[in-house]
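Beneath this line is the structure, given in structure tokens, with notes to follow.
The values are calculated or read from the model by the stated rules, or taken from the named source; none is laboratory data. The structure presented is a predicted model; accordingly, all values stated were derived computationally and were not measured. Please note: Cβ atoms are built from the backbone with ideal geometry, for glycine as well, and neighbour counts cover all protein chains shown. Side chains included, ligands, DNA and RNA excluded: accessible areas come from the protein's heavy atoms. Shrake-Rupley method; radii C 1.70, N 1.55, O 1.52, S 1.80 Å.
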Amino acid sequence: DLLDPERLIQCPLVKHHWIRARRFPYHLVKCKESNPEIAKKFATCPFNARHLVPQAELSNHIMKCSDKAFVEQDVVSQICEPPQEQLNNGSTWQAPPCAEDWETELLEESESTFVW
């Protein structure tokens with residue numbers, strides 16, 4: 001099950017590392033720091049930072065990446081939906097009048113004597 005946080009995932013940097021899915025992003029950061037020479041040979045997918053692929057295969061991965069569809073869907077929905085300013089410009093709502101008068105309250109407080 002791809003959504004199971006307990007499933008084991010093989011580290012792309014060090015093949016004998018098997019990590020639980022919920023810890024995988026943290027492992028990638030630590031493993032890159034611990035293995036900088038190996039990490040230089042890998043590239044991060046622009047659609048999902050959990051996808052580390054050999055640099056030579058990055059363009060091929062980008063073409064086939066399953067997370068690419070989610071990003072494209074977000075872009076399309078942003079283009080199709082009107083911006084919030086356009087939605088708010090048509091609103092007729094107005095704030096109710098304010099009944100507070102801070103200057104008067106301040107004057108009244110300064111005239112009253114404080115008793116301990």
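If I filter the stretch 7-29 for residues that are in contact with a helix residue (DSSP H, G or I) (Cβ under 7 Å, 6 or more places away or on another chain), in a helix (DSSP H, G or I) and touching a residue at least 24 places away in the same chain (Cβ under 8 Å), do I get at least one hit?
Our first condition is that a residue be in contact with a helix residue (DSSP H, G or I) (Cβ under 7 Å, 6 or more places away or on another chain); within the stretch 7-29, this holds for 7, 9, 11, 13-14, 17, 19.
Those still in the list that are in a helix (DSSP H, G or I) too: none.
No, that holds for no residue.
Scanning the stretch 57-89 for residues that are loosely packed, with under 10 Cβ neighbours inside 10 Å and modelled with pLDDT of 85 or more turns up MET63, LYS64. Restricting attention to the stretch 7-29, which residues are closer than 19 Å to LYS40 by Cα and open to solvent by 80 Å² or more (accessible area, probe 1.4 Å)? If the condition is that a residue be closer than 19 Å to LYS40 by Cα and open to solvent by 80 Å² or more (accessible area, probe 1.4 Å), then LYS15, HIS16, TYR26, VAL29 are the ones that fit.
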